[in-house]
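Heads up, the thing below is written out as structure tokens.
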Amino acid sequence: MSEHTKTDGLALASPLPKAERSAPRNERMAGDKIECNACPVLCQISRGKAGACDRYANADGLLVRVDPVLLLRRAQAGSDTTVVPFVPEGAAWQGGLLPTDDVFVTGVGSSTTYPDYKPAPFIVSSQADGVDMVTVVTEGIFSYCSLKVKIDTDRWLGPERALVRHRGEVVGHVTTAEYGSQMLSLGGVHHLTGGSKKEGRITVEMMEMMGNKQAAEVQIEGGATVVIQANRAPIVGGVEEQRMRVGCGSATIGIFAKQFWGLADEVVVVDDHITGVLTEHQAGRCLDMRRSVLKIRGRKSTPGRYFQVANPGTGWGGTDIDDPLSIIETWDTSQAWPGLRLLMVSTTGEHKAWFVLDEDLALQPAAMPVEVAAVVARIGENCEPALCSVLFLGGAGGSLRAGVTDNPVLLTRAIKNALVNVTCGGAPAYVWPGGGITVMVDVARMPERSFGTVPTPAIVAPIEFSMRMADYQRLGGHMGHVRSLEHTLRHGAWHHDGAPTSRRWALADAATAWPLGTPPMLG
Ligand code: SF4
């Protein structure tokens, strides 16, 4: 239960007082317990203890959200980052006026709208370039959510559709490989709810770790063990990946053909997907290169482009080979000439070998000329650092939408009409086309510890909807709960709608200074 949460130095915990409220008493509960209804688990929490998710606690008989709400502040023009700490590290907010169009209230630490019909905990008005805006802020409880993980590596991770396990439980599967990357789909409602209780628990724990940018190890059936951490290099079978390939074997031939011209008589770029052979490839033909006399194993796709030259693996170009000559099927000695120079190289330049035909027309390993080595080095130079990218994909369900408006379809339509900007912890979210509000966000752009869990099991993640005040009114927003940013900063923006009537607000001045809407009734 930390008092302060930082995000890569970009944001600090707000100085907001913790939102506090008294809790309803379940008649069967011990006298010093309070019940949390922020999720369906309905923990009964003893004095001084936290609930099952560690996010709510009983502080002297009051239910409190233990993490502070996280605020972001826009950086000055010219800064190399877009947001900065709300308050400089080590300093405290002095309560002075803030440029309200520079400060953004995130959903991190904001609490939820469960059981769904409550307005979002923070509905904050502000001004942006003179326009009245409103941001609806909440922590969503996502039962329908997954992680899409892109792993930049040529090394064989496992067959498509293979199961992915974490701590022995199935948590996802391998999906399609993409250009220079292999993709995993992890989590999802079937693993959260459709398997055993343990499968759901391990799945949600793994998702929380990866969402919070921590390292998690997964095992792929029939494939590799991989350590995944957002924005860090993948570790495949204990080896930290360095480079994301410059392209497939064919692309590498095309990109560097002219640079190899005159330096090598043949170049083979070994690739598990598309191995390229320079003099047979269109690039070599256009450069009038003399056709070489070697025939590569595998299935020929088009001239100079070969599929399946070997099995997938962790060797050259994502194949299982250690000896590059093993993919050469035949060698036409009637066409070959002594002194023919052959370069074999992988798609990252990590593996390379130089051969020269001797007088008996046998390939002999030789020292690679400096000029050739320079082109190979350029292949490596053009490889980007290999990273893991972790994208959170979640569907905004009942609690999220009803927390914004009584008529949720209007919110869905407004998002589709680009009237509403959706962010997660201040990070831009991509909204999928089609029905519903299915958002996807790069966890690396989100604040530290943005994700939590509840034992239902489900993921808790921040989400914010920003729009013009006039549009919010048009879509039937909870106008009576809009608070100014200034007021939010001083008092929090909690309300008691949806709570049993016995619940009271702990904040003494909750009934004062509501700049917009009407003051809530105290119970
Ligand atoms: S698990 Fe649910 S009910 Fe229990 S403390 Fe957390 S949010 Fe509240």
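What to note about this one:
- Pairwise Lys count, the stretch 92-226 - Cα closer than 28 Å, eight or more residues apart or different chains: 8
- Sequence of HIS173, HIS491 from largest to smallest accessible area, 1.4 Å probe: HIS173, HIS491
- In this structure, the amide hydrogen of ILE296, modeled 1.01 Å from its nitrogen in the peptide plane, lies closer than 5 angstrom to those of GLU329, counting only residues at least 5 positions away or on a different chain.
- Distance histogram in 5 Å bins (all Cα pairs of the stretch 331-386, percent per bin): 4, 19, 25, 16, 15, 11, 6, 3, 1
- Å² per residue, accessible surface of the stretch 301-438 at 1.4 Å: 45 Å²
- Karplus (6.51, -1.76, 1.60) ³J(HN,Hα), θ = phi - 60°, over the stretch 166-174, in Hz, Gly and Pro reported as x: 9, 6, x, 9, 6, 10, x, 8, 7
- Less than 5 angstrom separates the built amide H of ALA162 from those of VAL174, all sequence-distant by 5 or more or on a different chain.
- Computed log₁₀ I(q)/I(0) - Debye formula, equal Cα scatterers, no solvent, the stretch 344-466, q 0.17, 0.20 Å⁻¹: -0.89, -1.10
- Amide H contacts under 5 Å for LYS213, placed H, 5+ residues apart: ALA230
- Karplus-derived 3J(HN,Hα), 6.51/-1.76/1.60, for each residue of the stretch 222-229, Hz, glycine and proline x: x, x, 9, 9, 10, 9, 10, 8
- Each peptide in 288-294, 364-370, 131-137 was scored by the mean count of other Cβ atoms within 10 Å over its residues; highest first, the order is 131-137, 288-294, 364-370.
- Converting phi to 3J(HN,Hα) with the Karplus coefficients 6.51, -1.76 and 1.60 and the offset θ = phi - 60°, the stretch 364-376 yields 10, x, 8, 5, 6, x, 4, 5, 5, 4, 5, 5, 4 Hz in sequence order, with x at every glycine or proline.
- Relative contact order of the stretch 373-451, taken over Cα pairs closer than 8 Å and 6 or more residues apart, is 33 percent.
- By accessible area with a 1.4 Å probe, ligands and nucleic acids excluded, highest first: order of TRP156, TRP354: TRP156, TRP354
- Note: relative contact order over the stretch 118-221, using C-alpha pairs below 8 Å and six or more positions apart, is 24 percent.
The values are calculated or read from the model by the stated rules, or taken from the named source; none is laboratory data. These numbers come from a predicted model, not from an experiment. Here Cβ is always computed from backbone atoms with ideal geometry, including for glycine, and neighbour counts include all displayed protein chains. Surface accessibility is based on the protein's heavy atoms, side chains included, excluding ligands, DNA and RNA. Shrake-Rupley method; radii C 1.70, N 1.55, O 1.52, S 1.80 Å.
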